[in-house]
Amino acid sequence: VTAHLLGSKSELCHYVFFFLDYVGVAQYQYGSAVGHFYYAVDEGLHRHVHGIFMQTASILSCLSCLGCCYSKYYNQSLPKRVCKVCQVVPSALAFFWDSSPVAKRLMSWSTASNDPALIYHFGQVAFFFSCTFFFIFPVLERCFPGRCDFVGHSHQVFHVLLSCCTLCQIHVYQLEYVYRRKLYSRLHRSNEAALFVQLYVVTLVVCALITAIMLRKAKQALDFKAKSKR
(Lines give C-alpha, C1' and ligand atoms only; values in the text may rest on other atoms or scores of the structure.)
Protein backbone atom coordinates (compact mmCIF):
# COMPACT_ATOMS: atom_id res chain seq x y z
CA VAL A 1 0.00 0.00 0.00
CA THR A 2 2.80 2.40 0.91
CA ALA A 3 4.66 1.63 -2.31
CA HIS A 4 1.65 2.51 -4.45
CA LEU A 5 0.67 5.49 -2.32
CA LEU A 6 4.06 7.17 -1.92
CA GLY A 7 6.13 5.58 -4.70
CA SER A 8 5.59 8.58 -6.96
CA LYS A 9 6.72 11.15 -4.38
CA SER A 10 10.28 11.04 -5.72
CA GLU A 11 12.59 8.65 -7.55
CA LEU A 12 14.32 7.73 -4.30
CA CYS A 13 10.99 7.07 -2.55
CA HIS A 14 9.97 4.95 -5.50
CA TYR A 15 13.00 2.70 -5.05
CA VAL A 16 12.77 2.61 -1.24
CA PHE A 17 9.12 1.63 -0.98
CA PHE A 18 9.09 -0.83 -3.87
CA PHE A 19 12.23 -2.54 -2.60
CA LEU A 20 10.45 -2.92 0.75
CA ASP A 21 7.47 -4.28 -1.15
CA TYR A 22 9.70 -6.94 -2.72
CA VAL A 23 10.98 -7.95 0.71
CA GLY A 24 7.33 -8.47 1.64
CA VAL A 25 6.77 -10.58 -1.48
CA ALA A 26 9.67 -12.83 -0.49
CA GLN A 27 8.31 -13.24 3.05
CA TYR A 28 4.87 -14.09 1.64
CA GLN A 29 6.43 -16.77 -0.53
CA TYR A 30 8.33 -18.24 2.41
CA GLY A 31 5.22 -18.18 4.60
CA SER A 32 3.23 -19.96 1.88
CA ALA A 33 5.92 -22.63 1.71
CA VAL A 34 5.67 -23.19 5.45
CA GLY A 35 1.89 -23.53 5.26
CA HIS A 36 1.98 -25.89 2.27
CA PHE A 37 4.69 -28.09 3.74
CA TYR A 38 3.19 -28.21 7.20
CA TYR A 39 -0.50 -28.58 6.27
CA ALA A 40 -0.68 -29.94 2.70
CA VAL A 41 2.15 -32.42 2.16
CA ASP A 42 1.36 -36.11 1.86
CA GLU A 43 3.50 -38.99 3.10
CA GLY A 44 5.03 -39.83 -0.27
CA LEU A 45 6.27 -36.32 -1.06
CA HIS A 46 7.31 -35.69 2.55
CA ARG A 47 9.57 -38.74 2.40
CA HIS A 48 11.52 -37.26 -0.52
CA VAL A 49 11.71 -33.54 0.29
CA HIS A 50 11.48 -33.15 4.07
CA GLY A 51 15.23 -32.49 4.38
CA ILE A 52 15.46 -29.85 1.64
CA PHE A 53 12.01 -28.34 1.17
CA MET A 54 12.18 -25.30 3.43
CA GLN A 55 15.85 -24.64 2.72
CA THR A 56 15.10 -24.52 -1.01
CA ALA A 57 12.04 -22.34 -0.38
CA SER A 58 14.23 -19.88 1.54
CA ILE A 59 16.76 -19.67 -1.31
CA LEU A 60 14.04 -19.18 -3.92
CA SER A 61 12.43 -16.43 -1.83
CA CYS A 62 15.73 -14.57 -1.73
CA LEU A 63 16.18 -15.02 -5.50
CA SER A 64 12.68 -13.66 -6.03
CA CYS A 65 13.52 -10.55 -4.01
CA LEU A 66 16.76 -10.14 -5.96
CA GLY A 67 15.02 -10.53 -9.32
CA CYS A 68 12.35 -7.96 -8.46
CA CYS A 69 14.88 -5.44 -7.12
CA TYR A 70 17.14 -5.95 -10.15
CA SER A 71 14.18 -5.44 -12.47
CA LYS A 72 13.14 -2.24 -10.71
CA TYR A 73 16.68 -0.82 -10.66
CA TYR A 74 17.28 -1.49 -14.38
CA ASN A 75 13.72 -0.67 -15.41
CA GLN A 76 14.77 2.36 -17.47
CA SER A 77 17.81 0.80 -19.16
CA LEU A 78 16.54 -2.70 -19.98
CA PRO A 79 13.67 -3.69 -22.31
CA LYS A 80 10.37 -4.07 -20.51
CA ARG A 81 10.14 -7.75 -21.42
CA VAL A 82 13.52 -8.44 -19.83
CA CYS A 83 12.40 -6.71 -16.63
CA LYS A 84 9.22 -8.80 -16.57
CA VAL A 85 11.29 -11.97 -16.97
CA CYS A 86 13.52 -10.95 -14.06
CA GLN A 87 10.42 -10.46 -11.93
CA VAL A 88 8.30 -13.38 -13.03
CA VAL A 89 10.78 -16.26 -13.48
CA PRO A 90 12.20 -16.33 -9.90
CA SER A 91 8.70 -15.88 -8.45
CA ALA A 92 7.37 -18.64 -10.71
CA LEU A 93 10.12 -21.01 -9.59
CA ALA A 94 9.31 -20.21 -5.96
CA PHE A 95 5.59 -20.76 -6.59
CA PHE A 96 6.03 -24.14 -8.29
CA TRP A 97 8.37 -25.38 -5.58
CA ASP A 98 6.34 -24.03 -2.67
CA SER A 99 3.09 -25.35 -4.17
CA SER A 100 4.37 -28.84 -5.01
CA PRO A 101 2.59 -30.32 -1.95
CA VAL A 102 -0.66 -28.71 -3.15
CA ALA A 103 -0.15 -30.06 -6.68
CA LYS A 104 0.41 -33.54 -5.28
CA ARG A 105 -2.80 -33.26 -3.25
CA LEU A 106 -4.79 -32.07 -6.25
CA MET A 107 -3.58 -35.08 -8.24
CA SER A 108 -5.44 -37.27 -5.75
CA TRP A 109 -8.76 -35.45 -6.30
CA SER A 110 -10.39 -38.47 -7.99
CA THR A 111 -9.66 -40.72 -5.01
CA ALA A 112 -10.40 -38.14 -2.31
CA SER A 113 -13.23 -36.11 -3.79
CA ASN A 114 -14.93 -35.87 -0.38
CA ASP A 115 -11.98 -33.96 1.10
CA PRO A 116 -13.32 -30.43 1.87
CA ALA A 117 -9.83 -28.90 1.64
CA LEU A 118 -9.26 -29.81 -2.01
CA ILE A 119 -11.67 -27.21 -3.39
CA TYR A 120 -9.77 -24.47 -1.52
CA HIS A 121 -6.43 -25.86 -2.73
CA PHE A 122 -7.81 -25.64 -6.25
CA GLY A 123 -9.10 -22.14 -5.51
CA GLN A 124 -5.74 -20.80 -4.36
CA VAL A 125 -4.01 -22.19 -7.45
CA ALA A 126 -6.70 -20.80 -9.78
CA PHE A 127 -6.58 -17.36 -8.13
CA PHE A 128 -2.79 -17.30 -8.27
CA PHE A 129 -2.62 -18.10 -11.99
CA SER A 130 -5.37 -15.54 -12.62
CA CYS A 131 -3.54 -12.78 -10.77
CA THR A 132 -0.29 -13.72 -12.55
CA PHE A 133 -2.05 -13.27 -15.89
CA PHE A 134 -3.18 -9.75 -14.98
CA PHE A 135 0.29 -8.92 -13.62
CA ILE A 136 1.98 -9.89 -16.88
CA PHE A 137 -0.66 -8.76 -19.37
CA PRO A 138 -2.37 -5.35 -18.80
CA VAL A 139 -5.39 -6.39 -20.86
CA LEU A 140 -7.87 -4.00 -19.23
CA GLU A 141 -5.81 -0.93 -20.09
CA ARG A 142 -5.48 -2.15 -23.67
CA CYS A 143 -9.18 -2.94 -24.04
CA PHE A 144 -10.35 0.27 -22.32
CA PRO A 145 -7.61 2.89 -22.86
CA GLY A 146 -7.92 5.89 -20.57
CA ARG A 147 -10.79 4.43 -18.54
CA CYS A 148 -8.79 2.39 -16.02
CA ASP A 149 -6.25 4.96 -14.89
CA PHE A 150 -7.59 5.19 -11.33
CA VAL A 151 -10.01 2.30 -10.83
CA GLY A 152 -10.13 -1.03 -12.60
CA HIS A 153 -6.65 -1.36 -14.05
CA SER A 154 -4.96 -4.73 -14.26
CA HIS A 155 -2.63 -4.26 -11.30
CA GLN A 156 -5.58 -3.59 -9.01
CA VAL A 157 -7.24 -6.77 -10.27
CA PHE A 158 -3.94 -8.55 -9.60
CA HIS A 159 -4.01 -7.48 -5.95
CA VAL A 160 -7.67 -8.41 -5.50
CA LEU A 161 -7.10 -11.90 -6.93
CA LEU A 162 -3.96 -12.35 -4.84
CA SER A 163 -5.98 -11.46 -1.72
CA CYS A 164 -8.53 -14.12 -2.70
CA CYS A 165 -5.65 -16.58 -3.08
CA THR A 166 -4.46 -15.73 0.43
CA LEU A 167 -7.97 -16.17 1.87
CA CYS A 168 -8.15 -19.63 0.30
CA GLN A 169 -4.77 -20.46 1.81
CA ILE A 170 -5.80 -19.39 5.31
CA HIS A 171 -9.06 -21.34 5.14
CA VAL A 172 -7.45 -24.47 3.75
CA TYR A 173 -4.82 -24.53 6.51
CA GLN A 174 -7.61 -24.47 9.08
CA LEU A 175 -9.40 -27.36 7.32
CA GLU A 176 -6.20 -29.38 7.02
CA TYR A 177 -5.47 -28.82 10.70
CA VAL A 178 -8.93 -30.08 11.67
CA TYR A 179 -9.18 -33.11 9.37
CA ARG A 180 -5.55 -34.27 8.96
CA ARG A 181 -3.98 -33.30 12.26
CA LYS A 182 -3.04 -36.89 13.17
CA LEU A 183 -1.16 -37.36 9.91
CA TYR A 184 0.79 -34.12 10.22
CA SER A 185 1.55 -34.76 13.90
CA ARG A 186 3.15 -38.01 12.81
CA LEU A 187 5.04 -36.58 9.83
CA HIS A 188 6.54 -33.46 11.36
CA ARG A 189 9.17 -33.45 14.05
CA SER A 190 8.84 -31.28 17.15
CA ASN A 191 11.98 -29.27 16.31
CA GLU A 192 10.80 -28.24 12.83
CA ALA A 193 9.06 -25.10 14.08
CA ALA A 194 12.36 -23.75 15.41
CA LEU A 195 14.05 -24.55 12.09
CA PHE A 196 11.33 -22.73 10.16
CA VAL A 197 11.74 -19.65 12.35
CA GLN A 198 15.52 -19.68 11.91
CA LEU A 199 15.19 -20.00 8.14
CA TYR A 200 12.68 -17.15 8.16
CA VAL A 201 15.14 -14.90 9.99
CA VAL A 202 17.88 -15.84 7.51
CA THR A 203 15.54 -15.15 4.60
CA LEU A 204 14.54 -11.77 6.02
CA VAL A 205 18.16 -10.74 6.69
CA VAL A 206 19.35 -11.78 3.21
CA CYS A 207 16.44 -9.94 1.56
CA ALA A 208 17.19 -6.86 3.66
CA LEU A 209 20.84 -6.99 2.55
CA ILE A 210 19.77 -7.33 -1.09
CA THR A 211 17.52 -4.29 -0.86
CA ALA A 212 20.19 -2.31 1.00
CA ILE A 213 22.76 -3.01 -1.73
CA MET A 214 20.34 -2.25 -4.55
CA LEU A 215 19.11 0.90 -2.79
CA ARG A 216 22.70 2.08 -2.42
CA LYS A 217 23.25 1.56 -6.14
CA ALA A 218 20.02 3.41 -6.91
CA LYS A 219 20.98 6.33 -4.68
CA GLN A 220 24.43 6.56 -6.30
CA ALA A 221 22.82 6.56 -9.74
CA LEU A 222 20.37 9.29 -8.72
CA ASP A 223 23.18 11.40 -7.20
CA PHE A 224 25.22 11.05 -10.38
CA LYS A 225 22.14 11.97 -12.44
CA ALA A 226 21.56 15.07 -10.31
CA LYS A 227 25.21 16.18 -10.60
CA SER A 228 25.21 15.72 -14.38
CA LYS A 229 22.27 18.16 -14.69
CA ARG A 230 24.12 20.97 -12.92
| Quick one: which of Val139, Val151, Val172, Val178 is more than 15 Å from the chain's Cα centre (by Cα), more than 17 Å from Lys104 (Cβ to Cβ) and in contact (Cβ under 8 Å) with a residue 12 or more places away in the chain? | Val139
| message | Here is a check on your reading of the model: is Arg81 of a type in the set (D, E, K, R) and crowded, with 20+ Cβ neighbours inside 10 Å? | response | no
| note | Of the listed residues (Tyr70, Tyr38, Tyr28), the one being part of a helix (DSSP H, G or I), open to solvent by 40 Å² or more (accessible area, probe 1.4 Å) and touching a His at 6+ places or on another chain (Cβ under 8 Å) is Tyr38
| task | Please state which one of Ser91, Ser61, Ser99 is modelled with pLDDT of 95 or more and either aliphatic (A, V, I, L, M) or buried (at least 18 other Cβ atoms within 10 Å of the Cβ) (or both). | result | Ser61
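The values are calculated or read from the model by the stated rules, or taken from the named source; none is laboratory data. These figures come from a predicted structure and were not determined experimentally. Using ideal geometry, Cβ is built from the backbone for each residue, glycine included, and neighbour counts are taken over all protein chains shown. We work out accessible area using only protein heavy atoms, side chains counted, and drop any ligands, DNA or RNA first. Shrake-Rupley method; radii C 1.70, N 1.55, O 1.52, S 1.80 Å.
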